[in-house]
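Q: Quick one: the structure is below, questions incoming.
Every number here is computed from the coordinates shown, using simple stated rules; none is lab data. None of these values were measured; they are calculated from a predicted model. Quick reminder, even Gly has a Cβ in these numbers, built from the backbone with ideal geometry, and neighbours come from all protein chains shown.
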Amino acid sequence: MRARTRILAPIAVALALTTACGESGSSGTDDGGSGGGTASGDACAPIEGDQLVVLEDDQQLQNADNVIPAVNAAAAQADPALLPALNAVSAALTTDDLIELNAAVDVERQSAADVAAGWVEESGVTDGLEQGSGSIVVGGANFTESTVLATIYADVLTAAGFDATVQEVGNRELYLQALKDGQIQVFPEYLSTVTEFLEGDDATEVASGDVEATVEALTPLAEANGLVFGEPSEAADQNAFAVTQAFADELGVSTLSELAEACGDGSLVLGGPAECPERPFCQPGLEDTYGLEFDSFRELDAGGPLTKAAIQQGEISIGLVFSSDGALARG
């Protein structure tokens, strides 16, 4: 259900990073357990609390949008040190890191440059890097996470001997063309989103929740477009479902499957954007993949402040968020 529109420059003026949240479905309101649950009545009703926690998507309902470096193929071939430097970032970067990086900029109001430099230093990713040379332009979109990731890439490439700079760029149509043409050489991408974009047929879906299978689908698409991709990181920015820590602790759940087992009474209240009840990666997917049943659905926003506030204030049991949102950082 990830749909973000951002205004960018100088190559273009808009960015839309979209991962849909699915197909037809309806709000389940009837009682009865689909997961052999232990709860009854209102046992899975909302519980307020400040700390949010994402429940693991253990059956891979969502597509794998792991952070992955996209590189101009000619640039990668010209200097063999380029991809290993970026892969060093992928090997160290986690979703928890993304959450903390986003929180440092968006909540603590630190600069993206300082936050990126701090992560590079603390992670030790520059130790023993193969040395390269030449100018490298790293593209970044005009939102916090992309800016921080682009700056991390540039800092690591600088440590590897390159003259690396960051350039803010436009929507995917334009920045991928700039990457193919060599106007920029590197860009922090998202695995499933870029795979589906390069595949280009809305009637088919080649990405999935399986990282390895999605990388396999991406590889020939990249080659056909003059691109090469590095290793995917563990870090992912994708649709996720959050509850309060108090709710998770009360039920003893950490995964969506465990939630389904605990909440067979249909007392859950789901929150998200208006299209959630009709999209397969949102309510219908939760019902079909996990057997979850809901008392009601509340129309809010797509991973935004309304949904997060509703979870925290105990107005909904579970809501759609993005897995690397800085609001998930622990105090």
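Q: What list of ³J(HN,Hα) values in whole Hz, one per residue of the stretch 235-247 in order, does the Karplus curve 6.51 cos²θ - 1.76 cosθ + 1.60 (θ = phi - 60°) give from phi, with Gly and Pro shown as x?
A: Per-residue couplings from phi come out as 5, 9, 10, 8, 4, 8, 10, 10, 10, 6, 4, 4, 5 Hz.
Q: Quick one: compute the contact order of the chain, relative version, from alpha carbon pairs under 8 angstrom and 6+ residues apart, as a percent. Mind dumping the intermediate values first?
A: Values: 803 pairs, mean separation 120.7, N = 331.
That works out to 36 percent.
Q: Here is a follow-up. Between VAL107 and THR165, what FRET efficiency comes out of the Förster formula 1/(1 + (r/R0)^6) with R0 = 35 Å and r the beta carbon distance, rounded to 0.05? Provide the component values of the computation, followed by the final result.
A: Details: r = 27 Å, r/R0 = 0.78.
In this case the efficiency is close to 0.80.
Q: Same structure, new question: Which of the peptides 88-95, 138-145, 250-257 is most tightly packed, and how do the rest follow, going by the mean number of other Cβ atoms within 10 Å of each residue? All intermediate terms of the calculation are to be shown ahead of the outcome.
A: Details: 88-95: 20.1, 138-145: 22.4, 250-257: 17.4.
Highest mean packing first, the order is 138-145, 88-95, 250-257.
Q: Please give the contour-minus-distance gain from GLU250 to ARG330: 0.36 nm per residue of separation, less the Cα-Cα distance, rounded to one decimal in nm. It would help to have the intermediate numbers written out before the result.
A: Working: separation 80, 0.36 × 80 = 28.80 nm, distance 1.83 nm.
Contour length minus Cα-Cα distance gives 27.0 nm.
Q: List the relative contact order of the stretch 67-229 as a percent without decimals, with contacts defined as Cα pairs under 8 Å and 6+ residues apart.
A: Numbers: 249 pairs, mean separation 48.6, N = 163.
Value for the stretch 67-229: 30 percent.
Q: If N is the number of residues in the chain, what value comes out of its Cα radius of gyration divided by 2.2 N^0.38 Å? Mind dumping the intermediate values first?
A: Details: Rg = 20.5 Å, N = 331, 2.2 N^0.38 = 20.0 Å.
Output field value: 1.03.
Q: Taking amide hydrogens as modeled 1.01 Å from N in the peptide plane, which residues meet the under 5 Å criterion relative to PHE241, leaving out close sequence neighbours?
A: Sorted by chain and number, the residues that satisfy this are LEU55, VAL321.
Q: Can you give me the Cα centroid spacing of the stretch 297-311 and the stretch 202-246 in angstrom?
A: Cα centroid to Cα centroid, the span is 25 Å.
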